[in-house]
């Protein structure tokens, strides 16, 4: 999940860029200087290496590779998480000490590029064709703003759907023929839902994975009808498909799953058996003990994708950008190239339980390490997400969750909510 950046960050960012001033100390530019002679400090902000011993060791390997070309430059890492990434970016902008390399996620590029916080990577030869050739074409819209490229994909964060075979068989359903359309899923979920004598749900028929809000699940379900949430920054959900999708979610909550349902382990409910079907991430640990769910449970799982006219799997990702105010843009690009070495992406994928965003990800060590990663890697050509979002998306994200939840809970009219959100997106 990604948290919203909010008005304060964007306002601060715009003010700093427009005024072109700041109180921080900035290195002398190394652009145009021979890499072997360049000096200064490259500041890197990234949530892609956990602040653990293993995470730091893997990051040091990137630094070592970068130092082959830039031996005299220092690298100053800031191991952020997606929970504090916003704050760190805001603080650096306000202090006038910009990061040279920043790693963010899907939905972040357009807002920051529109505020001139990120540099156009076209000057380094990055084009859509380059990403198609070397990376994942599905992430091209996520790194594009106004026809220009502002990010390079590092990792793919995918979602699939899982069912418990034993639950299907118990309910008289065929686990080898899973429901894929929204209509089919609802019928099956209602059969799979268990209740006690008081009518309380004791096993959910479908886990919508929406405890923190309905934005991402709405985006996923809508995409399976063939409608991406946005097209070229314009809203694409204030229509029949959008309304039908929202009404479907509304018909599921407190019918096949209690609103806000989570478990203590914060794992997909289908793993614990608290749900018979549900949305899952991009990797599963089949080991016994620790955080593993055990081989027996893994053997009882079948993975599939949504298809209400278009087969899709949701894909987020980690995207590397260069700060527009960096004094070391050439070095920053070299650092991104070091991060995109296949062995580095493999290490990052393992650390984050994601897929490396390179062309042959289906044959990556991560894809071969567990059945779920293998499944989602085989469907990367079916990836979908919010698409190319509008510049105010980071302000809109939280509002999306709030208003969709109000519609699902019957507090607001669903059609009115979608119309209002579309208006706020422009």
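The values are calculated or read from the model by the stated rules, or taken from the named source; none is laboratory data. Everything numeric in this text was worked out from a predicted model, so none of it was measured. As a convention, Cβ positions derive from the backbone with ideal geometry for all residues, glycine included, and neighbour counts pool all protein chains shown.
Would you confirm whether any residue within the stretch 228-243 is under 26 Å from the mean Cα position of the chain (by Cα), within 17 Å of residue 406 (Cβ to Cβ), part of a helix (DSSP H, G or I) and touching a residue at least 24 places away in the same chain (Cβ under 8 Å)?
Looking for residues that are under 26 Å from the mean Cα position of the chain (by Cα), within 17 Å of residue 406 (Cβ to Cβ), part of a helix (DSSP H, G or I) and touching a residue at least 24 places away in the same chain (Cβ under 8 Å), one finds at least one in the stretch 228-243, hence yes.
If I go through the stretch 84-99 residue by residue, how many of them are closer than 15 Å to residue 41 by Cα and under 22 Å from the mean Cα position of the chain (by Cα)?
1
Okay, residues lined up against (1) outside the structural domain of residue 81 (by TED's automatic domain parsing); (2) closer than 24 Å to residue 169 by Cα; (3) part of a helix (DSSP H, G or I):
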site	(1), (2), (3)
216	yes, no, yes
270	yes, yes, yes
284	yes, yes, no
302	yes, yes, no
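Restricting to the stretch 113-132, give me the number of residues that are touching a residue at least 40 places away in the same chain (Cβ under 8 Å) and in contact with a helix residue (DSSP H, G or I) (Cβ under 7 Å, 6 or more places away or on another chain).
Within the stretch 113-132, residues that are touching a residue at least 40 places away in the same chain (Cβ under 8 Å) and in contact with a helix residue (DSSP H, G or I) (Cβ under 7 Å, 6 or more places away or on another chain) number 6.
Does residue 372 satisfy the condition of being surrounded by fewer than 20 Cβ atoms within 10 Å (Cβ to Cβ) and over 19 Å from residue 73 (Cα atoms)?
When the stated conditions are applied, residue 372 does not pass them.
Between 332, 367, which is without any contact (Cβ under 8 Å) to a residue 40 or more places away in the chain, crowded, with 22+ Cβ neighbours inside 10 Å and in a helix (DSSP H, G or I)? Please lay out each step first, then the result.
Numbers: 332 fails: without any contact (Cβ under 8 Å) to a residue 40 or more places away in the chain.
Just one listed residue meets the conditions, 367.
From 66, 49, 59, 79, which residue is over 23 Å from residue 108 (Cβ atoms), at pLDDT 90 or above and assigned by TED's automatic domain parsing to the domain that holds residue 348? Steps first, answer last, please.
On the way: 49 fails: over 23 Å from residue 108 (Cβ atoms); 59 fails: over 23 Å from residue 108 (Cβ atoms); 79 fails: over 23 Å from residue 108 (Cβ atoms).
Of the residues listed, the single one that is over 23 Å from residue 108 (Cβ atoms), at pLDDT 90 or above and assigned by TED's automatic domain parsing to the domain that holds residue 348 is 66.
I'm told residue 325 meets every condition in (1) at pLDDT 95 or above; (2) in a loop (DSSP other than H, G, I, E, B); (3) outside the structural domain of residue 184 (by TED's automatic domain parsing) except one. Can you identify the failing condition by its number?
Unmet for residue 325, out of (1) at pLDDT 95 or above; (2) in a loop (DSSP other than H, G, I, E, B); (3) outside the structural domain of residue 184 (by TED's automatic domain parsing): (1).
Counting just the residues of the stretch 100-114 that are surrounded by fewer than 24 Cβ atoms within 10 Å (Cβ to Cβ) and assigned to a helix (DSSP H, G or I), which one comes out nearest to the chain's Cα centre (by Cα)?
Per the criteria, the residue is 113.
Which of the residues belonging to the stretch 209-228 are in contact with a strand residue (DSSP E or B) (Cβ under 6 Å, 6 or more places away or on another chain) and modelled with pLDDT of 95 or more?
Residues satisfying the conditions are 220, 223, 224.
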